[in-house]
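Here is the structure we will look at.
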Amino acid sequence: MQSTEENNLFFTISPSPTQSSFLLFTNNTIEKATVFDLSRRVIEALSLQTSETNFGENYLSGIYLVRLQSNDGRQEVIKVVKE
C-alpha cells in the first residue's frame, strides 16, 4: 500500500503489486488522476466521482505510474505494479 498526506492532500492506492485491480482512496482535494505506462503513454484518465475508485482490472502485467493532481495544482506520482 502506498499513501501520502501533505497539506491535506491524502490518498492511498492498494494493493501493489496486484493480480486484479487497484483501489484509489482519496479525499476531495484530488481533482484528477491519470495512469501512464513507463513509455509515458496515457493508459487511463480516472473519473474521481467518489472517494473510492477501482482501476487497472484490464491492464497487462507491468509497472504503471499514477499522477494525482489536487485542486490547487499540487501533483504526486505513485508507481504501481500489476502482476
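No value in this document is a laboratory result; all are computed from the given coordinates. These numbers were taken from a predicted model, which means no experiment stands behind them. With ideal geometry, Cβ positions are generated from the backbone for all residues, glycine too; neighbour counts draw on all protein chains shown.
When the chain is treated as a Gaussian network with alpha carbon springs shorter than 10 Å, the biggest mean-square fluctuation among Ile30, Ile13, Ile43 belongs to Ile43. Projected onto their three principal axes, the Cα atoms of segment 23-67 cover extents of 29, 18, 12 Å, largest first.
Given the options Asn27, Asn71, Asn58, which has the most mean-square fluctuation in a GNM of the chain, springs set between C-alpha atoms less than 10 angstrom apart? In the Gaussian network model the winner is Asn58. Per residue, the convex hull spanned by the Cα atoms of segment 41-83 measures out at 90 cubic angstrom.
The radius of gyration of the Cα set in the chain, together with its Dmax, comes out at 11.8, 34 angstrom. Subtracting the Cα-Cα distance of Leu65 and Leu23 from 0.36 nm times their residue separation leaves 13.7 nm of extension gain.
Among the trypsin sites (Lys or Arg not before Pro) found in segment 12-50, those both in a DSSP coil and sparsely packed, with 13 or fewer other Cβ atoms within 10 Å of their Cβ, are Arg40, Arg41.
For segment 70-79, putting each phi into the Karplus relation 6.51 cos²θ - 1.76 cosθ + 1.60 with θ = phi - 60° gives couplings of 8, 4, 9, x, 5, 10, 9, 10, 10, 8 Hz, in residue order, rounded to whole numbers and with x for Gly and Pro.
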